[in-house]
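A short worksheet on the structure shown next.
The values are calculated or read from the model by the stated rules, or taken from the named source; none is laboratory data. All values derive from a computational prediction rather than experimental measurement. Don't worry about glycine lacking a Cβ; one is built from the backbone with ideal geometry, like all the others, and counts go over all protein chains shown.
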Amino acid sequence: MRRGEITDNALNMSSCETCVVRNTAICSGLDAAELGLLNNIGRQRRLEAGESLVWEGEDSVLVANVIDGMLKLSAGTEDGREQIVGVVYPSEFIGRPFGRSTDYSVTALTEAEVCVFARADFDRFAAEHPALEHKLLERTLTELDRTRKWMLLLSRKNAQEKVATFLLEMSERLAPADCEAAAGVQWLKVFDLPFSRQQIGDVLGLTIETVSRQMMALSRAGVIALPSRRAVEIVDRAALEDMAS
């Protein structure tokens, strides 16, 4: 059996209608009957931190919605290093529908729960349900916009701007749906980073020493506080936004 295939060890999928990401995932455009059909071809699966769901270069045998937790997308470099190319959050989609192979590995950063579908079954379902195909297109375009912004961050911003931008994005992406909004943006004042500083450096194209220096500089400036190694408190969001340019 190939890695990534849905097995009998996967959990039976509970009702889509009670799913916590029901209104924000790609299935949000489906009616009750369509949800029932989708429910029949999926399984819920729990992942431990560090457990992989998809492996770079292998056949694309499954796709998934993230229900809880966060996962990283990574690719290997020619000299054997890992490059993190993206992070997937609750309600987001994993995998390559209508594709034969995947260009990156998907590994849980935290404990995670995903709704998994055999890619062939999902492809057939999507082809028969235009509302789902439309959501997939929307997600693809959103991801394209996010990738373009990330290209700007990596190519044009200095170290301080990169770290400030990263912290702002984390505060927004980690915010729950019922989090209070400021200026129309939902964000967390205090949060735990799902990354080590080495991983932050991998994401931003910086060394671990540079990441640590920038974090400490922001702390000394009173823009953020660092209650622990992973915890971050945004003390002055306006100043952090200015530093992110």
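For this structure, a couple of remarks:
- Annotation: of all residues in the range 196-245 being basic (K, R) and not in a helix (DSSP H, G or I), the one that is farthest from T110 (Cα to Cα) is R229.
- Once the range 48-90 is narrowed to residues that are among the polar types (S, T, N, Q) and modelled with pLDDT of 90 or more, the residue that is surrounded by the most Cβ atoms within 10 Å (Cβ to Cβ) is N65.
- Residues (touching a Leu at 6+ places or on another chain (Cβ under 7 Å) and crowded, with 17+ Cβ neighbours inside 10 Å) located in the range 12-34: C16, I26, C27, L30
Matching residues to (1) charged (D, E, K, R); (2) surrounded by fewer than 18 Cβ atoms within 10 Å (Cβ to Cβ):
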{"residue": "L144", "(1), (2)": "no, yes"}
{"residue": "R148", "(1), (2)": "yes, yes"}
{"residue": "G184", "(1), (2)": "no, yes"}
{"residue": "V223", "(1), (2)": "no, no"}
{"residue": "L226", "(1), (2)": "no, yes"}
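- Residues of the range 151-178 satisfying the condition of being under 16 Å from the mean Cα position of the chain (by Cα) and surrounded by fewer than 17 Cβ atoms within 10 Å (Cβ to Cβ): E172, P176, A177
- A count restricted to the range 97-108 and to residues that are over 17 Å from A25 (Cβ atoms) and either free of Cβ contacts under 8 Å to residues at least 40 places away in the same chain or surrounded by fewer than 19 Cβ atoms within 10 Å (Cβ to Cβ) (or both) stands at 5.
- Screening the candidates A217, A175, A221 for the property of being of a type outside the set (F, W, Y), in contact with a Leu (Cβ under 8 Å, 6 or more places away or on another chain) and under 17 Å from E241 (Cβ atoms) yields one hit, A175.
- Flag: E169 does not match the condition of being touching a strand residue (DSSP E or B) at 6+ places or on another chain (Cβ under 8 Å) and either assigned by TED's automatic domain parsing to the domain that holds E92 or not aliphatic (A, V, I, L, M) (or both).
- Which numbered condition L141 misses (of (1) assigned to a loop (DSSP other than H, G, I, E, B); (2) assigned by TED's automatic domain parsing to the domain that holds V21): (1)
- Test result for V223, outside the structural domain of V87 (by TED's automatic domain parsing), closer than 23 Å to G50 by Cα and at pLDDT 95 or above: no
- Where N23 falls short, out of the listed (1) modelled with pLDDT of 90 or more; (2) assigned to a loop (DSSP other than H, G, I, E, B): (1)
- Residue in the range 187-194 that is among the hydrophobic types (A, V, I, L, M, F, W, C), more than 25 Å from V20 (Cβ to Cβ) and touching a helix residue (DSSP H, G or I) at 6+ places or on another chain (Cβ under 8 Å) present: no
- Sub-9 Å Cβ pairs linking a first residue in the range 79-92 that is in the same structural domain as S28 (by TED's automatic domain parsing) to a second residue that is assigned to a strand (DSSP E or B) and among the hydroxyl-bearing types (S, T, Y), at least 6 apart or interchain, are E82/S74; E82/S105; Q83/S74; I84/S74; V85/S74; G86/S74, ordered by first then second residue.
- Considered as a group, the residues in the range 35-47 that are surrounded by 15 or more Cβ atoms within 10 Å (Cβ to Cβ) and of a type in the set (S, T, N, Q) include one that is nearest to V66 (Cα to Cα), and that residue is Q44.
- Just one residue in the set V185, V232 is within 26 Å of G50 (Cα to Cα) and either outside the structural domain of G86 (by TED's automatic domain parsing) or of a type in the set (F, W, Y) (or both); that residue is V232.
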